[in-house]
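Peer 1: Encoded as structure tokens, here's the structure I'll be asking about.
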Amino acid sequence: MTEGLYVASRKGLVPIRRRNRGWEAGAAAFLGEPVTAILRDPRDGTLYAALRLGHFGCKLHRSGDDGASWEELPAPAYPAAPEPDAEAPALDMIWTLAPGGPDRPGEIWAGTLPGGLFMSPDRGETWSLVDSLWSRPERGEWFGGGFDHPGIHSICIDPRDPERMTLGISCGGVWKSDDRGATWRLAGQGLRNAYMPPERAYDANVQDPHLVATCAAAPDVVWCQHHNGIFRSTDGAETFGEIEAPMPSVFGFAVAPHPADPATAWFAPAVKDECRVPVDGRMVVTRTRDGGASFEVLGRGLPERGSYDLVYRHALVVDAGGECLAMGSTTGNLWVSENGGEEWQQIDAHLPPIAQVAFV
């Protein structure tokens with residue numbers, strides 16, 4: 001049973017715990033500081049939090065006691081410039097953290113702005129840039145999607161074979177490795193980027209996958225909430241098919257695949273790129289249970305009018321049982337559904353803008 005969740009926001013990391021009378025927020029860690037990524041390592045329960053402190057740089061912290069205390073770790077760092085007058089890349093943000101395979105305890109992966117993938121073999125004590133990806137000549141065409149730099153926001157490790165990895169990059173498409181990052185290939189054929197020139201709309205290297213996520217029980221089924229719409233793959237993200245426009249919109253950032261049913265996934269739609277609010281001011285979640293052939297619009301318990309909520313990439317999640325969902329918004333609203341999205345309960349309406357939610 002899900003016992004709680006963590007909410008990463010622009011003003012701290014807030015624990016939410018299940019109590020006899022519902023859900024309650026606890027005291028925030030890193031109060032007043034922007035938390036950009038969190039990870040609860042399923043292998044040992046360690047909690048990680050990444051912060052983006054602007055002038056003071058990016059910070060990384062680790063807790064072994066469920067957030068009661070924290071220790072600071074070295075953040076991933078790009079190599080120094082080879083010459084004194086040369087310009088070197090600098091870490092702008094840690095966008096996502098992911099655990100390695102069960103056969104490699106302590107291995108952690110970090111996706112960052114400006115588009116670098118890092119690996120730590122020792123629970124965040126040391127980090128190394130995955131140069132095999134950073135040195136790809138295709139990276140020269142990557143560009144920022146919502147940020148000045150391209151960024152890695154999705155890291156999917158295949159539970160059947162931890163050597164196999166799939167990345168989502170905005171804007172750099174979908175990349176795959178079969179040898180734990182030693183070599184890479186560009187995947188994601190079939191993704192379509194409408195704002196590129198027509199002759200490059202299907203160019204896999206300039207796609208903007210807002211989030212790439214797999215079904216845990218069937219990892220070859222990959223869902224992509226793209227800038228352009230919703231796409232689905234059944235061959236491990238090698239190729240994608242575009243799903244016909246569900247109501248009320250195909251635009252959004254988040255997708256939460258069911259952990260056991262590869263035909264089921266949830267989305268949080270907004271109007272369009274130029275108008276990032278719910279359609280007609282009504283906050284809803286859409287759900288497909290037939291692989292995208294049809295969609296249900298679920299809104300019971302969500303605002304029916306006057307909503308300005310946008311759900312970021314990592315702010316809609318489903319628990320390991322596939323029934324309990326959590327969703328946080330840019331206006332600081334937090335909702336939980338304990339019946340697959342049929343009904344929603346507002347847990348808090350006064351949080352800072354929410355970047356990520358994660359179940360314990």
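The values are calculated or read from the model by the stated rules, or taken from the named source; none is laboratory data. Please read all numbers here as calculations on a predicted model, not as lab measurements. A quick note on method: Cβ atoms are made from the backbone with ideal geometry, for glycine too, and the neighbour counts reach across all protein chains shown. Note: areas computed on protein heavy atoms with side chains; ligands, DNA, RNA excluded. Shrake-Rupley method; radii C 1.70, N 1.55, O 1.52, S 1.80 Å.
Peer 1: Report the full-extension gain for the segment residue 294 to residue 43: residue separation times 0.36 nm, less the Cα-Cα distance, to one decimal in nm.
Peer 2: Values: separation 251, 0.36 × 251 = 90.36 nm, distance 3.61 nm.
Contour length minus Cα-Cα distance gives 86.7 nm.
Peer 1: Another question, if that's okay. Remind me, what semi-axes does the stretch 159-251 give for its equivalent ellipsoid, largest first in whole Å, using sqrt of 5 times each Cα gyration tensor eigenvalue? Can you show the working numbers first?
Peer 2: On the way: eigenvalues 100, 52, 17 Å².
Semi-axes (√(5λ), whole Å): 22, 16, 9.
Peer 1: Let me ask another. Which FRET efficiency value, to the nearest 0.05, is calculated for residue 189 and residue 276 with the Förster distance at 35 angstrom and r the Cβ-Cβ distance?
Peer 2: Values: r = 28 Å, r/R0 = 0.80.
Given R0 = 35 Å and the Cβ-Cβ separation, E is 0.80.
Peer 1: Tell me the per residue accessible area of the stretch 214-360 using a 1.4 Å probe; a whole number in Å² is fine.
Peer 2: Dividing the accessible area of the stretch 214-360 by its residue count gives 38 Å².
Peer 1: Let me spell out the model: positive unit charges on the Cβ of Lys and Arg, negative unit charges on the Cβ of Asp and Glu, origin at the Cα centre of the stretch 233-360. What dipole size does that give, in debye rounded to 20? If you can, show how the numbers build up before the last one.
Peer 2: Numbers: 8 positive and 18 negative charges, 78 e Å.
With Lys and Arg at +1 and Asp and Glu at -1, about 380 debye.
Peer 1: Any idea how far the Cα center of the stretch 23-95 sits from the one of the stretch 141-214, in Å?
Peer 2: 23
Peer 1: Which loop GluC sites (Glu not before Pro) in the stretch 241-318, with loop taken from DSSP, have no more than 15 other Cβ atoms within 10 angstrom of their Cβ?
Peer 2: Values: sites: 242, 244, 274, 296, 304; in loops: 244, 274, 304.
Within the stretch 241-318, the qualifying GluC sites (Glu not before Pro) (loop, at most 15 other Cβ atoms within 10 Å) are 244, 274, 304.
Peer 1: Taking only C-alpha pairs under 8 Å that are 6+ residues apart, what is the relative contact order of the chain in percent? List each step's numbers first, then the result.
Peer 2: Working: 1017 pairs, mean separation 40.7, N = 360.
Dividing the mean separation by the residue count of the chain yields 11 percent.
Peer 1: Tell me which GluC sites (Glu not before Pro) from the stretch 63-130 have a DSSP coil assignment and no more than 15 other beta carbons within 10 Å of their own. Kindly include the intermediate steps, with their values, before the conclusion.
Peer 2: Numbers: sites: 71, 72, 87, 107, 125; in loops: 87, 107, 125.
Listed in order of number, the matching sites are 87, 125.
Peer 1: Which one of 204, 80, 303 is farthest out on the positive end of the charge dipole of the chain, using unit charges on Cβ (Lys, Arg +1; Asp, Glu -1) and the Cα centre as origin?
Peer 2: The listed residue farthest towards the positive side: 303.
Peer 1: Here is a further query. Given C-alpha coordinates of the stretch 47-196, what is the ratio Rg to Rh with the Kirkwood estimate of Rh?
Peer 2: Working: Rg = 15.7 Å, Rh = 16.2 Å.
Ratio of gyration radius to Kirkwood radius for the stretch 47-196: 0.97.
Peer 1: Run through all the Cα pairs of the stretch 215-333 and give the fraction in each 5 Å bin from 0, expressed as whole percent.
Peer 2: 2, 12, 23, 26, 20, 11, 5, 1, 0
Peer 1: Carbon-plus-sulfur fraction of the accessible area of the stretch 256-360, 1.4 Å probe, in percent?
Peer 2: Working: 1950 of 4180 Å².
In the stretch 256-360, the share of accessible area belonging to carbon and sulfur is 47 percent.
Peer 1: Whole-Å semi-axes of the stretch 134-184's equivalent ellipsoid, largest first, each the root of 5 times a Cα gyration tensor eigenvalue?
Peer 2: Largest first, the stretch 134-184 gives 22, 13, 6 Å.
Peer 1: Mind putting a number on the dipole of the stretch 117-266 about its Cα centre? Charges go on the C-beta only, +1 for Lys and Arg and -1 for Asp and Glu, and I need it in Debye to the nearest 20. Intermediate values should be presented prior to the final figure.
Peer 2: Working: 11 positive and 20 negative charges, 25 e Å.
Roughly 120 debye, rounded to the nearest 20.
Peer 1: What is the magnitude of the charge dipole of the chain about its Cα centre, with +1 placed on the Cβ of each Lys and Arg, -1 on the Cβ of each Asp and Glu, and no other charges, expressed in debye to the nearest 20? Before the final figure, lay out the partial values.
Peer 2: On the way: 31 positive and 48 negative charges, 151 e Å.
The calculation lands at about 720 debye.
Peer 1: Okay, helix-only estimate at 222 nm for the chain: each DSSP H run of n ≥ 4 adds -39500 (n - 2.57), divide by all residues, round to 500 deg cm²/dmol; what do you get? Can you show the working numbers first?
Peer 2: On the way: 1 runs with 4 residues, N = 360.
Taking each H run of at least 4 residues, the total per residue is 0 deg cm²/dmol.
Peer 1: Compute the accessible area per residue over the stretch 9-137, keeping the other protein chains in place, probe 1.4 Å, unit Å². Numbers along the way, then the final one.
Peer 2: Working: 6200 Å² over 129 residues.
Per residue, the stretch 9-137 has an accessible area of 48 Å².
Peer 1: How long is the stretch 1-113 along each principal axis, judged by its Cα atoms, biggest number first, in Å?
Peer 2: 61, 37, 20
Peer 1: Under the 0.36 nm per residue contour assumption, what length would be gained going from the current alpha-carbon distance of residue 31 and residue 161 to full extension? Before the final figure, lay out each step's value.
Peer 2: Numbers: separation 130, 0.36 × 130 = 46.80 nm, distance 3.86 nm.
Contour length minus the Cα-Cα distance gives 42.9 nm.
Peer 1: Give me the orientation-averaged projected area of the Cα convex hull of the chain, in nm², one decimal. Could the numbers behind the result be given before it?
Peer 2: Details: hull surface 69.8 nm².
Over every viewing direction, the Cα hull of the chain projects on average to 17.5 nm².
Peer 1: Between residue 345 and residue 239, what FRET efficiency comes out of the Förster formula 1/(1 + (r/R0)^6) with R0 = 30 Å and r the beta carbon distance, rounded to 0.05?
Peer 2: Numbers: r = 39 Å, r/R0 = 1.29.
Working from the Cβ atoms, E equals 0.15.
Peer 1: For residue 59, which lysines qualify as cross-link partners when the Cα separation must be under 21 Å and same-chain residues fewer than eight apart are set aside?
Peer 2: Output for residue 59: 11.
Peer 1: What is the Cα convex hull volume of the stretch 309-360 when expressed per residue in Å³? Intermediate values should be presented prior to the final figure.
Peer 2: Values: hull volume 3.7 nm³, N = 52.
Normalising the Cα hull of the stretch 309-360 by residue number yields 71 Å³.
Peer 1: Turning to a different aspect of this structure: Just how much of residue 123 is accessible, in Å², when a 1.4 Å probe is used and the result is rounded to the nearest 10?
Peer 2: 80
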